[in-house]
1. With each pseudo-label sitting 7 Å past Cα toward Cβ, what's the residue 7-residue 61 distance in nm, one decimal?
2. To the nearest 10 square angstrom, what accessible area does residue 37 show with a 1.4 Å probe?
Amino acid sequence: MLLPAKAEVARQLRRYRAWERVMLAAPNDRTVRTTFEDSGYTLCVLMGKRCAREAADAAERYLRTNQVAYLQEQQVTCLQEQNERPRPATSVRRRPPTAERRSPAGR
């Protein structure tokens with residue numbers, strides 16, 4: 001798994017937190033909200049997460065730990081998520097389609 005440079009993660013995390021503070025101060029400003037959401041999306045892509053909060057948490061953990069420990073933690077988390085996913089139902093065997101049936105009156 002490729003990991004982003006810690007300097008870039010730190011820069012994006014600072015940007016996300018700064019825009020978060022601005023957005024909380026002015027929640028009705030569309031430009032601020034859009035920029036905040038863009039910074040969250042960038043952090044999500046960088047950290048491989050679906051949610052900006054998860055990405056921010058992952059970025060903070062990544063910056064606190066070394067790369068090997070972070071990769072091991074991510075592997076455990078991934079396995080836990082796979083075990084929590086619902087399993088697909090067993091497949092139902094279906095017969096092949098039968099020839100079109102005609103009523104005796106239609107002959």
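1. A separation of 2.6 nm, rounded to one decimal place.
2. For residue 37, the solvent-accessible surface is approximately 100 Å².
The values are calculated or read from the model by the stated rules, or taken from the named source; none is laboratory data. Keep in mind that what you see is a predicted model, and the values were worked out from it rather than measured. Glycine gets a Cβ as well: all are built from the backbone with ideal geometry, and neighbour counts include every protein chain shown. Accessible surface areas use protein heavy atoms only, side chains included; no ligands, DNA or RNA. Shrake-Rupley method; radii C 1.70, N 1.55, O 1.52, S 1.80 Å.
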